[in-house]
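These notes concern the structure reproduced below.
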Amino acid sequence: MPILKEVLHRKRPPKEQVRSNGIVVKHPTSKNTWKEFERRVASFFGTRRVPLSGSNSGHGTNSDSLHPELYIECKVRQKSSLCTLFRDTAFKAKAENKLPIVAIKQKNERGYLLVMRPCDLEEIVEIRMRSIKDAE
């Protein structure tokens, strides 16, 4: 009977990428992933993504889109506390049959940011317009 040798699987070392500023990125996002995300966001606003990399494109903008009125910055992240917060909020909102919105304010700064799903935007705008009209 032949002796079976145990095959040891070695873990591949994580891909590392050293950026021009010296920062080492252990698991870089593939170009196709972030390019597709930029296309999807640009399409949502009726425009196209900037080819190449923003300022290197020769289109006169550092934005990720060619929109004439909106400066759009797209980021794909492995983890984000903001995404976790939104997911929790969406779960709670669903239980109450409401639309989720996360409002974030940084201390000692004016204004705030609203985080919402693109598919909810039109309905949220309608709700906002009704609340303005009702307040008059």
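Since every read-out is calculated from the coordinates, none of them should be taken as a lab result. The model shown is predicted, which means the values in this text are computed figures rather than measured ones. A quick note on method: Cβ atoms are made from the backbone with ideal geometry, for glycine too, and the neighbour counts reach across all protein chains shown.
Below is a table of values for the structure above.
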{"item": "Interchain or long-range residues, amide H under 5 Å from residue 67's placed H", "result": "48"}
{"item": "Partners for residue 107 among lysines (Cα-Cα distance below 27 Å; same-chain residues under 8 apart left out)", "result": "75, 79, 92"}
{"item": "Label-point gap, in nm, between residue 129 and residue 67 - each point 7 angstrom along Cα→Cβ", "result": "1.8 nm"}
{"item": "Label point distance in nm, residue 44-residue 99, each placed 7 Å from Cα along Cα→Cβ", "result": "1.3 nm"}
{"item": "Summed side-chain charge close to residue 72 - residues other than residue 72 whose Cβ falls under 10 Å, Lys, Arg +1, Asp, Glu -1", "result": "-2"}
{"item": "Extension gain, residue 119 back to residue 52 (0.36 nm per residue minus Cα-Cα distance, nm)", "result": "21.3 nm"}
